[in-house]
1. Tally Lys and Arg at +1 and Asp and Glu at -1 over the other residues with C-beta under 14 Å from the C-beta of W3: what net charge comes out?
2. Of R127, R23, R105, which is the most mobile in a GNM of the chain whose springs link Cα atoms less than 10 angstrom apart?
3. Taking the Cα centre of each part, how many Å lie between the range 88-122 and the range 1-76?
4. Output the direction-averaged projected area (hull surface divided by four) of the convex hull of the alpha-carbon atoms of the range 42-112, in nm².
5. Taking H placed 1.01 Å from N in the peptide plane, check which residues at least 5 places from R148 or on another chain put their amide H under 5 Å from its amide H.
6. Looking only at R100, R21, R35, which one moves most when the chain is put into a Gaussian network model with springs between Cα atoms under 10 Å?
7. Go through Q84, A22, G108 and say which Cα lies farthest out towards the positive end of the charge dipole of the range 2-157; charges sit on Cβ, +1 for Lys and Arg, -1 for Asp and Glu.
8. Using the Kirkwood radius over Cα pairs, work out the Stokes-Einstein diffusion coefficient for the chain at 25 °C and 0.890 mPa s, in µm²/s as a whole number.
Amino acid sequence: MNWTCKTFGELSSSELYQILRARSAVFVVEQSCVRLDIDGKDERAVHLFAHDISPMPIAAYARVSVNDDDEPEVIVDRLFTGAQRRGDGTAELLLEHLQREVALRWPGHLVRLSAPTFLKSFYEQFRFRKVDGPYLDHGMPHIGMSWRAPTGLDAVLQPLRGARALERTPSSLGML
């Protein structure tokens, strides 16, 4: 499994196709989430993904962007692991790569995501904390969570989660 982080302009047409196909498989087919996935936010985002050799080559993915507020926050959305990778540690690797990438690109920024309530403990092991909710997102209970990216190279090089992995049941909802 190879990890890659690219801006929209750096993505090849094949990579973009594979990402959009995988997002559709998870969010539209598995979760029956009727929404426009291609929402105009991809062009200004950074795309973090794990590429695998399989019929569905995107094993894990997260879209990362900065909002336009006076005090910009890093917004993480469209997080998922592919069905073939759920429960094998790929989700933990995704969060580790995500936090390292955010700390390198946007040190000291507040990072926000919307998490299904059943994944609260998972995100907490990566120092995310609940900041709002619960609320419904496409019929599923979610909470807002945030984490502040560290500053300085030492903080980036150190592990960003606890040494003990969280015991959890693989999700059948296509998230992590």
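1. Every neighbour counted, the sum reads -2.
2. Largest GNM mean-square fluctuation: R105.
3. 14
4. Projected over every direction and averaged, the Cα hull of the range 42-112 covers 5.1 nm².
5. V111
6. Per the Cα network of the chain with a 10 Å cutoff, R35 tops the list.
7. Positive-end residue among those listed: Q84.
8. The calculation lands on 149 µm²/s.
Read the figures in this text as sums done on the coordinates, not as results from a lab. Source: prediction; values computed, not measured. Note that each Cβ is placed from the backbone with ideal geometry, even for glycine, and that neighbours are counted across all protein chains shown.
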